[in-house]
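Asker: After the structure tokens below, expect a handful of questions from me.
The values are calculated or read from the model by the stated rules, or taken from the named source; none is laboratory data. The structure displayed is predicted, hence computed values, not measured ones. For neighbour counting, all protein chains shown are included, and Cβ atoms are generated from backbone atoms with ideal geometry for every residue, glycine included.
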Amino acid sequence: MVFGYDRLESVRAARRAVVSPMSARSFCTMINAADGLGRTLAGLRSDVSAPSGALIFVSGAAAQDLGMIAEQARTVWKGIPTCIVPAAGVITERGEIEGASAASGLLWSGGKVLPIALADASSPAALRDTLAGTIGQRAGTVVIFPRSDFSTDMLDGIHDAAPSVCLFGAGTVGGAAVVVTATGETLSGRATGLAIVGAAPPLVDSSTACRLISPLRRIEQTTNGLVLKVDGTPALDMLSSCVPELRGTAGGAQPVVFAALADESGGDRFVVRPVRGIDPTRRGVMIGPEASPGVRLGFAIRDAATAKSGLEAAARGLSQQALGAAPRFAIFLSCAGRGQGLYGAPDVEARILRQRFGDLPIAGMHSAFEIAPWGPGEAKLALYTGVLALFRSPS
């Protein structure tokens, strides 16, 4: 579903006619001309009083020239910290655009917004140190957009540095994100984003697009990322036991099997990782260093029904948690492995969000990977995941 500037203006006018002024606005538009987003950004700026921060997601050919879009944001949204993110596709509450030159975004008021940019050669401790300096012991929110060379160990130690931070984000597609600071400086690097302090942290939930085809069992023995034994069973035998389940899946081609890793403490939340290979001699399955003794391992496949029901449950849960407070806007980050390629139809996830939240301003992207909150001051890198963050006014 595609919305140009004229459609955007008519939607905005209709909203103004029936609701009081809002503290956030979203947009979605194709980018076909050299002037890019200038007119769209100017229209949004007139709608939001005292804006404090902004996000712009860009896909297709336009994502190859973020400098041009950064210059337009610097000019039209002068003084507003803005993060501009290259994506596989863009999302708003009214639809999703995949495989085209397009942009979506949010402009909001409230809170103090600080830019974040980790240097290209940043160490694993760089994010932890940055959060200690920007958030520290305060409650705050960080939305971050790393490049593909972002490693999972960069999420270690966050709780110690910023125990009350709400951290989430997504991996960029095709290049690095850029952030325009309040003073007009453009920053980029291994990971770029925005920190928000002085405002209520969002309610955040994540949902996977993968269905377990085996139980989650405790890893007992590994060597250099090769899982050898799981609950006394050779790991390769455990993987082989999933074959009957795979034969029962719909469709002609056999689905790709992923490793599902869950915490030792119990619960059914897991993240998926690729199965990198097998060792028939040692009856092992190569997964990587995250598959360590004590972690629970299962196997999973992508599944449209699981993805749809998971997002519906996440949206319903956040809506219920927000009762008594006024929702202001939302950010939705969905893996590029979901979308039309998974569901076989466009706008499935946008429709779920619209059915639950109506005209609430929402913007987001189809991403290379996701960063999902996993508890106060904790986050994990996830694949095939949707991350939904609902910002609201305190009750």
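Asker: Report the residue count in region 158-169 for those that are surrounded by fewer than 24 Cβ atoms within 10 Å (Cβ to Cβ) and within 17 Å of Arg190 (Cβ to Cβ).
Answerer: 1
Asker: State yes or no: is Ala345 within 20 Å of Glu96 (Cβ to Cβ), surrounded by 18 or more Cβ atoms within 10 Å (Cβ to Cβ) and not polar (S, T, N, Q)?
Answerer: Numbers: within 20 Å of Glu96 (Cβ to Cβ): yes; surrounded by 18 or more Cβ atoms within 10 Å (Cβ to Cβ): no; not polar (S, T, N, Q): yes.
Taking the combined requirement at face value, the residue does not satisfy it.
Asker: Taking the residues in region 98-121 that are under 18 Å from Leu167 (Cβ atoms) and touching a helix residue (DSSP H, G or I) at 6+ places or on another chain (Cβ under 8 Å) as candidates, determine which candidate is surrounded by the fewest Cβ atoms within 10 Å (Cβ to Cβ).
Answerer: That would be Leu114.
Asker: May I ask you to list the residues in region 315-338 that are surrounded by 23 or more Cβ atoms within 10 Å (Cβ to Cβ) and either in a helix (DSSP H, G or I) or aliphatic (A, V, I, L, M) (or both)? Show your work before the answer.
Answerer: Our first condition is that a residue be surrounded by 23 or more Cβ atoms within 10 Å (Cβ to Cβ); within region 315-338, this holds for 315, 329-335, 338.
Of everything in region 315-338, those that are surrounded by 23 or more Cβ atoms within 10 Å (Cβ to Cβ) and either in a helix (DSSP H, G or I) or aliphatic (A, V, I, L, M) (or both) turn out to be Ala315, Ala330, Ile331, Leu333.
Asker: May I pose another question? Would it be correct to say that Gly60 is surrounded by fewer than 21 Cβ atoms within 10 Å (Cβ to Cβ) and at positive phi?
Answerer: Working: surrounded by fewer than 21 Cβ atoms within 10 Å (Cβ to Cβ): no; at positive phi: yes.
No, not satisfied.
Asker: Can you tell me which residue among Gln340, Gln355 is in contact with an Asp or Glu (Cβ under 9 Å, 6 or more places away or on another chain), modelled with pLDDT of 95 or more, of a type outside the set (Asp, Glu) and closer than 28 Å to Ser148 by Cα?
Answerer: Residue meeting the stated conditions: Gln340.
Asker: Which residue is farthest from Ala372 (Cα to Cα), if the candidates are limited to region 177-193 and must be buried (at least 22 other Cβ atoms within 10 Å of the Cβ) and not hydroxyl-bearing (Ser, Thr, Tyr)?
Answerer: Only one residue tops the list, namely Val180.
Asker: What are the residues in region 51-69 that are more than 20 Å from the chain's Cα centre (by Cα) and at pLDDT below 95, if any? Before you say what the answer is, go through the steps one by one.
Answerer: Restricting attention to region 51-69, the residues satisfying the condition of being more than 20 Å from the chain's Cα centre (by Cα) are 51-52, 61-62, 64-65, 67-69.
Selection gives Ala61, Ala62, Gln64, Asp65, Gly67, Met68, Ile69.
Asker: Out of curiosity, is Ala379 assigned by TED's automatic domain parsing to the domain that holds Val58, surrounded by fewer than 19 Cβ atoms within 10 Å (Cβ to Cβ) and either small (Gly, Ala, Ser) or within 15 Å of the chain's Cα centre (by Cα) (or both)?
Answerer: no
Asker: Separate question: Is it the case that some residue within region 105-115 is aromatic (Phe, Trp, Tyr), assigned to a loop (DSSP other than H, G, I, E, B) and either under 26 Å from Ile135 (Cβ atoms) or outside the structural domain of Thr134 (by TED's automatic domain parsing) (or both)?
Answerer: no
Asker: Okay, next question. Could you give me the residue pairs with C-beta distances under 7 Å whose first residue belongs to region 177-205 and is in the same structural domain as Ala368 (by TED's automatic domain parsing), whose second residue is of a type in the set (Asp, Glu) wherever it lies, and which are 6+ apart or on separate chains?
Answerer: Hits for this filter: Gly189/Asp120; Arg190/Asp120; Arg190/Asp149.
Asker: Pull up region 287-314, narrow it to residues that are in contact with a Gly (Cβ under 9 Å, 6 or more places away or on another chain) and of a type in the set (A, V, I, L, M), then point me to the one that is surrounded by the fewest Cβ atoms within 10 Å (Cβ to Cβ).
Answerer: Ala304
Asker: Do you know which of the residues in region 296-313 that are over 16 Å from Ala382 (Cα atoms) and of a type in the set (A, V, I, L, M) is farthest from the chain's Cα centre (by Cα)?
Answerer: It comes out as Ala305.
Asker: Which residue is farthest from Pro376 (Cα to Cα), if the candidates are limited to region 132-149 and must be touching a residue at least 60 places away in the same chain (Cβ under 8 Å), surrounded by 21 or more Cβ atoms within 10 Å (Cβ to Cβ) and among the hydrophobic types (A, V, I, L, M, F, W, C)?
Answerer: Phe145
Asker: OK, next. Could you check, for region 207-216, whether at least one of its residues is outside the structural domain of Lys112 (by TED's automatic domain parsing), in a loop (DSSP other than H, G, I, E, B), of a type in the set (A, V, I, L, M, F, W, C) and surrounded by fewer than 18 Cβ atoms within 10 Å (Cβ to Cβ)?
Answerer: There is no residue in region 207-216 that is outside the structural domain of Lys112 (by TED's automatic domain parsing), in a loop (DSSP other than H, G, I, E, B), of a type in the set (A, V, I, L, M, F, W, C) and surrounded by fewer than 18 Cβ atoms within 10 Å (Cβ to Cβ).
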